[in-house]
Amino acid sequence: MKPPAVQESGPATMLPVGSPAAVRSYVRLLARRHRRGFSGVVLLHTVATVAGLVGPWVLGSLVESLSAGTAEGRVLSAVGWYLAALVVQSVFTGLSRLRGGVLGEEVLADLREDFLVRSVALPPGVLERAGTGDLVSRGTTDIDRLAKSVREAVPELAVAVVSLVLVSGALVLTSPLLAVSALIGLPLLLASSRWYFRRAPQSYRAESAGYAAVNTVLAETVDAGRTVEALRLGEERVELTDRKIAEWLDWERYTLWLRVSWFPTIEATYALAILGTLLLGGVYTLNGWIGVGQLTAGVLYAQALTHPVDMILRWYDELQIGQASLARLVGVREVPDRETDESAHPDGARVTADQVRFGYREGADVLHGISLDVAPGSRVALVGPSGAGKSTLGRLLAGIYAPGRGSVTLGGAQLSRMPAERVRTQVALVNQEHHVFVGTLRDNLRLARPDADDTELRAALAAVDAAEWADALPSGLDTEVGSGGTALTPAQAQQLALARLVLADPHTLVLDEATSLLDPRAARHLERSLARVLDGRTVIAIAHRLHTAHDADVIAVVERGRISEYGSHPELVAADGPYAALWRSWRDER
């Protein structure tokens, strides 16, 4: 069976997959963090394995005594030693598995925390371009796939290696001839494993990437559901989803075929090892090269070898799946941080864009030579048709994206060179995408300012016309909201985001349709309330509702990635250009 044809991996903006060197480096980091727990698991199982070696040795000695006719009184002694070894083995095996399970949970917790910490620290532009589907898939599906590897595969693999070394040593000490005989199936084992492991890693990575692509398509379709419906793109989205699912299933079938081809071959090598030890050992015994007790113990040790070898191969196979998922998690760590200059401090609050060009793909600019000068404390409205580049320009002015050419500065300092934490304390972006975190309403508000007291929280809610519904919640600020708690309407979630903005208190705000989920009357009232709260601050508002532009000090009309008109509302209406046409059209529709 041939592997599926390699499909396009998707947009170039997808998050990277960790290189083998990066994966190994991260595994070493985890090993250093948990070396004490790992050493404890290995030590416990070493004791259990040594106890397990006593049984074959006792049985071999008993058989040797029986064949020599000197077994009188040794049967009870052998049974006693055997039972004692069995009890010790059972106790320490149980303890090693318990500690292995605890170790696995601790490592898995580290994986989750490291991934989350790095994800929230990614440069905002990276997430904007990559979208949420790939990141969500890594944080859910890939971590779920890793769970079995971390909880079971890593401890079991360590245990199996210890067992293999100790049992092999016992077999060599019993009879070097039998140890060589037990290797009869080794060539077949090595050849089949080499065939499998040359194909498995890349296949599992392709399978994981295929599943991520399915998630991405589904997430995009759901997020843009209204647009898909309005433009009648349902059939195209279904066709795309079906194609991505088919590509993923092709890789699923291929990896399944690899496993069903490999596993029976492995089972055959185990049978060969035991059969070869028994047959050749019989020849050695008949020739007097080894004793019958050695043969008995040797065959039992050869049989015992199959278990750790089987565990190593099967868990190593599981680790191939885990390694593919781990590479995707580590890939987030390989996203380069935005180059920053700690010495970049703004001297004032003036925002300027000078001959800015920007594109999401190389050679496909969506903004073409835009220049804009926003005076501190002024209100600027960006208007224009959908797809003109207004939101992209807003993200550049908020420091989310870095311009491809030209510059965007705040107080004379390059926004793209300033540390993100410094930018966020002075410039804030609020768009149509709002999230209610699991927790109390108070916790959600304090994300913007952890030291805010209840009086300040209530004042922020009142400033965005949210005090009434917040007070009506079952426990007020202590009400659990988000998934599993009290559900907030989209409009309430939007007001919550704006309340966070009031608490954050930046001097410059970029509002990208920040009131779009409210009805026009409520949005108008809220904007007037916000205007009082935000008086004296710089506001750059991206709006389709032109009453926002009417109230602005200056209006920039964006068309096809360029500013086609710039001026106050009366000036642009009098000019009878594109803005005047937009204004008349919007006014007549009301």
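Filter the stretch 173-198 down to the residues that are over 14 Å from Leu272 (Cα atoms) and under 46 Å from the mean Cα position of the chain (by Cα) and list them by number.
The answer is Ala191, Ser192, Ser193, Arg194, Trp195, Tyr196, Phe197, Arg198.
For the stretch 466-497, which residues satisfy the criterion of being part of a helix (DSSP H, G or I) and touching a Ser or Thr at 6+ places or on another chain (Cβ under 8 Å)?
Hits for the stretch 466-497 are Leu477, Asp478, Gln494.
Check Arg545 against each of (1) surrounded by fewer than 17 Cβ atoms within 10 Å (Cβ to Cβ); (2) modelled with pLDDT under 85; (3) within 15 Å of Pro385 (Cβ to Cβ) and name the one condition it does not meet.
Going through the list (1) surrounded by fewer than 17 Cβ atoms within 10 Å (Cβ to Cβ); (2) modelled with pLDDT under 85; (3) within 15 Å of Pro385 (Cβ to Cβ), Arg545 breaks only (1).
Which condition from (1) part of a loop (DSSP other than H, G, I, E, B); (2) without any contact (Cβ under 8 Å) to a residue 40 or more places away in the chain is the one that Pro376 breaks?
For Pro376, the exception is condition (2).
Can you name the condition, by its number, that Arg422 falls short on among (1) in contact (Cβ under 8 Å) with a residue 60 or more places away in the chain; (2) in contact with a helix residue (DSSP H, G or I) (Cβ under 6 Å, 6 or more places away or on another chain); (3) in a helix (DSSP H, G or I)?
(2)
Would you confirm whether or not the stretch 496-504 contains a residue that is within 29 Å of the chain's Cα centre (by Cα), surrounded by 19 or more Cβ atoms within 10 Å (Cβ to Cβ) and at pLDDT below 80?
no
Considering the stretch 310-331 alone, what residues qualify as being among the hydrophobic types (A, V, I, L, M, F, W, C) and modelled with pLDDT of 85 or more?
Matches in the stretch 310-331: Leu326, Ala327, Leu329, Val330.
Against the condition buried (at least 18 other Cβ atoms within 10 Å of the Cβ), among the polar types (S, T, N, Q) and within 23 Å of His507 (Cβ to Cβ), how does Ser378 come out, does it pass?
In short, no.
Residues to consider are Val217, Val228; find the one that is in contact (Cβ under 8 Å) with a residue 40 or more places away in the chain and either basic (Lys, Arg) or out of contact with any strand residue (DSSP E or B) (no Cβ under 8 Å at 6 or more places or on another chain) (or both).
None of the others qualify; the one that does is Val217.
Check Gln202 against each of (1) over 25 Å from Val150 (Cβ atoms); (2) polar (S, T, N, Q); (3) surrounded by fewer than 15 Cβ atoms within 10 Å (Cβ to Cβ) and name the one condition it does not meet.
(1)
Could you go through the stretch 116-138 and let me know if any residue there is without any contact (Cβ under 8 Å) to a residue 24 or more places away in the chain, buried (at least 18 other Cβ atoms within 10 Å of the Cβ) and assigned to a helix (DSSP H, G or I).
Yes, the conditions are met somewhere in the stretch 116-138.
Kindly provide the set of residues from the stretch 203-258 that are of a type in the set (Lys, Arg), in a helix (DSSP H, G or I) and modelled with pLDDT of 85 or more, ordered by number.
Arg237, Arg243, Lys244, Arg253
Just one of Ala200, Ala224, Ala230, Ala191 is among the small types (Gly, Ala, Ser) and in contact with a helix residue (DSSP H, G or I) (Cβ under 7 Å, 6 or more places away or on another chain); which is it?
Answer to the selection: Ala200.
Kindly indicate which of Gln426, Gln432 is at pLDDT below 85 and of a type outside the set (A, V, I, L, M, F, W, C).
Gln432
Just checking, does the stretch 439-446 include any residue being under 29 Å from Glu559 (Cα atoms) and outside any helix (DSSP H, G or I)?
Looking for residues that are under 29 Å from Glu559 (Cα atoms) and outside any helix (DSSP H, G or I), one finds none in the stretch 439-446, hence no.
Would you check if Ala327 is in contact (Cβ under 8 Å) with a residue 40 or more places away in the chain, over 26 Å from Arg138 (Cβ atoms), outside the structural domain of His547 (by TED's automatic domain parsing) and of a type in the set (A, V, I, L, M)?
It is false that Ala327 is in contact (Cβ under 8 Å) with a residue 40 or more places away in the chain, over 26 Å from Arg138 (Cβ atoms), outside the structural domain of His547 (by TED's automatic domain parsing) and of a type in the set (A, V, I, L, M).
From the residues in the stretch 461-479 that are out of contact with any strand residue (DSSP E or B) (no Cβ under 9 Å at 6 or more places or on another chain) and of a type in the set (Asp, Glu), which one is modelled with the lowest pLDDT?
Step by step, filter the stretch 461-479, then rank; the result is Asp465.
The values are calculated or read from the model by the stated rules, or taken from the named source; none is laboratory data. A quick note: this is a predicted structure, and the numbers were derived from the prediction, not measured. For neighbour counting, all protein chains shown are included, and Cβ atoms are generated from backbone atoms with ideal geometry for every residue, glycine included.
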